1. How large is log10 of I(q)/I(0) for region 88-230 at q = 0.09, 0.14 Å⁻¹ when the intensity is taken from the Debye formula with one equal scatterer per alpha-carbon?
2. Cα convex hull of region 414-468: mean projected area in nm², to one decimal?
3. Given Cα pairs under 8 Å that are at least 6 residues apart, what percent is the relative contact order of region 275-412?
4. Taking the Cβ of Thr361 as the centre, find all other residues whose Cβ is under 13 Å away and add up their charges (Lys, Arg: +1; Asp, Glu: -1).
5. Where does the chain land at 222 nm, in deg cm²/dmol rounded to the nearest 500, when only DSSP H runs of n ≥ 4 count, each adding -39500 (n - 2.57), divided by all residues?
6. Out of the DSSP beta bridges found with both residues in region 280-419, what percent are antiparallel (nearest 5)?
7. With only Lys, Arg, Asp and Glu charged, each at its Cβ (+1 for the first two, -1 for the last two), find how big the charge dipole of the chain is about the Cα centre; round to the nearest 20 debye.
8. Excluding Ser61 itself, calculate the net charge of residues whose Cβ lies under 11 Å from the Cβ of Ser61, where each Lys or Arg counts +1 and each Asp or Glu counts -1.
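Every number in this text was worked out from the coordinates using simple rules, so none of it is lab data. Quick caveat: nothing in here was measured; it's all calculated off a predicted structure. When we count neighbours, we look across all protein chains shown, and the Cβ atoms used for this are built from the backbone with ideal geometry, even at glycine.
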Amino acid sequence: MANDASVVSDTRSPAVSNGSLADPFIPPADSTLWRKNFLLGAATASYQIEGAVNEDGRLPSIWDTFSATPGKVLAGDTGAVACDHYHRWEADIDMLASLGLEGYRLSIAWPRVMDAAGAPNRQGLDFYKRLLNRLKEKGITTFVTLYHWDLPQHLEDRGGWLNRDTAYRFTDYTDLMSRELAGTVDAWATLNEPWCSAYLGYGNGHHAPGLADGRFATQAMHHLLLAHGLAIPVLRANDPASQKGIVANIGRGTPNSDSAADQRAAHLFEVQHNAWILDPLLKGAYPEELFELWPGTEPLILDGDLQTISAPLDFLGINYYFRSNVASDGAHGFREVPLEGVERTQMGWEVYPDGLRDLLTGFHSTYHNLPPIYITENGMASDDKVIDGHIDDTQRISFLKRHLAAVDQAIKAGVDIRGYFLWSLMDNFEWAFGYERRFGVVHVDYSTQKRTVKRSAELVAKFLKERKAQV
Ligand code: FCB
């Protein structure tokens, strides 16, 4: 697979694929992406799109508090209005369906559906019921994430993920949601990216709740994973027909040189980013090397916890964005050495599709009980501008094409990958970066809330239409 500008010039070649003139996105004829049972969808998350933070009994979340704290989010942006999806959900679902997207991954805002005493908030629940029913009417496969970072603030006030009790409160919340929404959810994910919740939220403080202590990070991770493990049997009991899993972000670390020290550094990078989460889930143990990297940070683990955490999964959601080039820090750890002259996105993240393929094939050989995989997020931010009513997001088109080619290669190498969700359906609140970074395949004008389909979305839609028409 090419990983350079030649891919862009390819798009101008007159080659014919699948009976139609090749466009900059369409996969080659022998790609597994043409299989109709490979699910192609888009993803969003509650705090990033909904807005309406004070409506219908919604309680404050840690992201309301964090984004209201000066200096925490670029330009002082908050999710108070976001894409106003809470009010515009019908048109947004119509838009999703009109693009032919087959799956939608959304998350539920915990503070919208339960009060501080744990009682259901009917108005909040009704919002998700309406939304999911409409998606089902449209024939769209629904992936619902229970926790995409918007913890109720009242739980943070009692220690948040540092308090073991939060894992039990998450079980109550899971119980309520899976009883109320059973039958409308095809796949439940307990958590989105526990690495970000634990490390960015409690380890370096870049995300809510903004605490910064290595011991906090490992303890928060343990309680997050415990919450996941406790929730799985609840989901199985309440909604047996659905699939149950979790979503992890994974990072590729490559060595800056051939030296043994740099090779080890790259390995440690992946221990810290991937094995920290995947080993307890799939092997029932934390990687020893994590605590060599971060001495003295072992969390408090009670008997039986790791067994709970390693409950079998129906699927594993994988989010992938970039790689990091790393070198030894001269001691026991690693440091990042950003490469010069490589392609980057608006986030500054390096575009590196091979990393996705290599990680997937690596997991396939490392974890013998690896469940079926969905790529639950992949995409890129660019400074998209509407010109004469159009957005020509050329870099994104090439990015998506190359990452989907990496997925195809992993499938051909034997990895069981069942689908792919674009991040994101529309531009939204990009956490600490606010609204400046645009990840959507649909553009949002935040002053008018007007949605404009970008060229990338048009090409994905065209591919899906062609695939559907195939006999
Ligand atoms: C992931 C998050 C998602 C989005 C993308 C860009 O880490 O899960 O909400 O912000 O990054």
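1. Each listed q corresponds, in turn, to -0.30, -0.69.
2. 5.6
3. Averaging sequence separation for qualifying contacts and normalising by length gives 23 percent for region 275-412.
4. -1
5. Dividing the helical sum by the residues of the chain leaves -11000 deg cm²/dmol.
6. The antiparallel proportion sits near 45 percent.
7. 1220
8. Every neighbour counted, the sum reads -2.
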